[in-house]
Structure formats: structure tokens, C-alpha cells
Amino acid sequence: MSLFIIRIPADDPADNTRIESILTSALRDFKHRIINSISEMDPSQIPGSRLLFAVPLGKYGTNSSYTRLLYKLRSEPGLLEGCTSAILIDGESELYTKSTGTELAFALNAAGSALIGRPLVEGTGSLYNFRVQAKLLGVNNRGAYLAAVRDMIERLVKSVFPKQEKPNILVLHASSHRTSNTMQLWEQLSGRLKDSCEINEIGLRNGTVSDCSGCPYTMCIHFGESGRCFYGGLMQEEVWPAVLKANAIMMLCPNYNDALSANLTAFINRLTGLFRQKRFYDKALFSIIVSGYSGGDIIGRQLISALNMNKSFYLPPRFALLETANNPGEALAIPGIEGRMDKFAENIRNTLIS
């Protein structure tokens, strides 16, 4: 296994100063090779390699070399087959670092790369986003930034996703079986998985999950450490135990106004209490995303941001099946859908089954 640092050049050389300094310090104990482009790698080196993409952004969140990287990733869908990636974004303003990170993660994943849980470290212009970590570590914001990059690199190098003989998949949805194109695709996919995986399906419809009400941090910690949430209900009694048992979660996501549905968003928000006591690095994230018109990539990036980057779920290569269908039943008639479901099911089995 080799560690490659893909150091994307900045448009203005001055923008490289902080990210170069951070990388130099963070990589001191790791054997690595620094390159400026994926094109510098022999294709035979990619499978099994660990890649850290380091992207400096200027004041306005732009980088022409990064744009060329996106083009290469999107135009060569098998480019990163078999590798695992993480991302470092360093900016000069308080904006654009997270949005650039999720955009890049989505493109890397579609090109065949897995991403470790919590694969993004972002340094905003002021580094104010590290104030909490700095206080906990007893260092300044820059020291917390460096510690986060070191931790991410160590996890990137050491991470190995565990496989199972018969993995457990938790399926979460808030849709009607009768009318939902998303549910109809899942029914077809589950038929391809049921003999090799244990499947647990939970519906979150009709207000069964109250959204997080933003308890004080200390209160959330207090209840989370004992496996509880102040608001209890379905999340504490059924969903949290199912998440703990699962080797993967499958999010069934119709595109509602270019956003996740309210109940699925509530699930993610309420998962914070459980996250206080356990990280989810050993659990994979999959999804079926169906849009009536367009925008499936927006939902995919929301899932990556919320569950992979924030809640630490492992992101397998090509984690989502993204389709476009409007009227009930249309999804099953999409040209080529059977073949894509076959490939998606095979990807799930390859990720989870030993």
C-alpha cells in the first residue's frame, strides 16, 4: 500500500504557503510521495493506494487546476478503481471549503474511489472552525488544524473496512411502497441481496421521528454516553439499536425540492446522540436516489456531507444508484436499469461480504 499526496497547485503561489507548511509537518512520520496530478501516477499504482488530495483555494474559492481535476474525474469513471481517498481543503475565506470538499468527494467516489469515514479536513481563512478542537487539545487554532490533518492521514493509511460472512444492512426510508419509484427500485435491489445479506427495513413516515431540538452539548453527551436521547421515541428504541447492529445503512432518498426529505433529515440530526458515544468508521453508507427532474448529485453530496464527513460512515466506491423518474412506476422502465441494479448489487456484495 502506497500513500500519494496529490498536491493541487494554486493559481496564486502565495495561496500555497499555509497548506504546504501543514502538509510538511503532518507527513513527517509517514512514507509518502508528493505529486501534482493524478496523471503522474502509473495506472497500475492506483488499486490499493491511499490518496490524499490537497487543494488550496484562493479568496474566492476558485482554483483552475482543481477544475481540471474535476473534469478528469468526471470524464474517466474508472480512473480511481480500488483506491481509498481523503481530502484537505485550505481556503482564504470563511466560505467554499466544505462545498468544495463535498463536490470533490462525490467526484472521487464516482470515479471508483472509496473514502474513509470523516475524510475531509478544511482550514478556513481564519481557522475559526477549529476553535472547539483547539480548546479541547489546549493548543491554538493552527495546532488543532495540524492535529486534525495528522489524524486523518493516520486513519487513511491504517483504515481497512471489515467484511462479514452475512452482513446486516439497515434500510431507512420515509416513502410509500405503493407509489414511490425509490421504493420500487429498492424492492428490485433487495431481491438481489436477500440471499447473501440480512436486511432490516425501518420506515420513518408520518412524524414517527421528531427532529433534533438542539439540546445543550453537555446534555447530549450525558444522554448519549448511556445510549439514550432526551427525546426518546422510535430513534432511541428501534433505530439506534439497528444502526449499532448494522454493517451498512441504505438510505432510500427521493429528491424533494433538491433536498433530503424531512424525516430522513431528522434521522441524521438525531443520530448525533449516538455519535457522541460511538464512531461509525466500520459501517458503510449506500443510497438509492431518485429525482423527478434532476439534481440527484445534490442529494448525493448532502448524504456524503452529513453521514460520511460528519458522522464518519465509510463511503464505498459508487455508493449511490442515481436515477431520474417522475410518475409512479417509471423507474422500472428506465433503459438499462436492470443492468445498473445488477452492478450496484454486486458493488454492495463486494464491499460487505468476506
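Every number in this text was worked out from the coordinates using simple rules, so none of it is lab data. From a predicted model like this one, the values you see are computed outputs, not experimental measurements. Counting neighbours? That spans all protein chains shown, and the Cβs are built from the backbone with ideal geometry, glycine included.
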Beta bridges per DSSP with both ends in the chain, % antiparallel, nearest 5: 5
Order of Val139, Val243 - criterion: other Cβ atoms within 10 Å of each residue's Cβ, fewest first: Val139, Val243
Projected label distance in nm at Glu187 and Gln133, using a 7 Å step from Cα toward the beta-carbon: 4.5
Rounded to 10°, Cα long-axis angle of helix 97-110 versus longest principal axis of the chain: 60
Farthest toward positive dipole pole in the chain [+1 Lys/Arg, -1 Asp/Glu at C-beta], among Ile87, Gly125, Gly273: Gly273
Crossing angle, helix 181-193 versus the chain [Cα axis fit, 0-90 degrees, rounded to tens]: 90
Between helix 337-352 and the chain: long-axis angle, C-alpha atoms, 0 to 90°, nearest 10: 60
Residue order, fewest to most beta carbons within 10 Å, for His173, His32: His32, His173
Cα-Cα over 24 Å, subset of Lys245/Lys311; Lys59/Lys311; Lys135/Lys311; Lys31/Lys135; Lys245/Lys278; Lys194/Lys278: Lys59/Lys311; Lys31/Lys135; Lys194/Lys278
Hits among aspartates and glutamates - C-alpha to C-alpha of Lys283 under 17 Å, sequence gap 8 or more where chains match: Glu165, Glu198, Glu201
Mean separation of Cα contacts under 8 Å (6+ apart) over length of the chain, as relative contact order %: 17
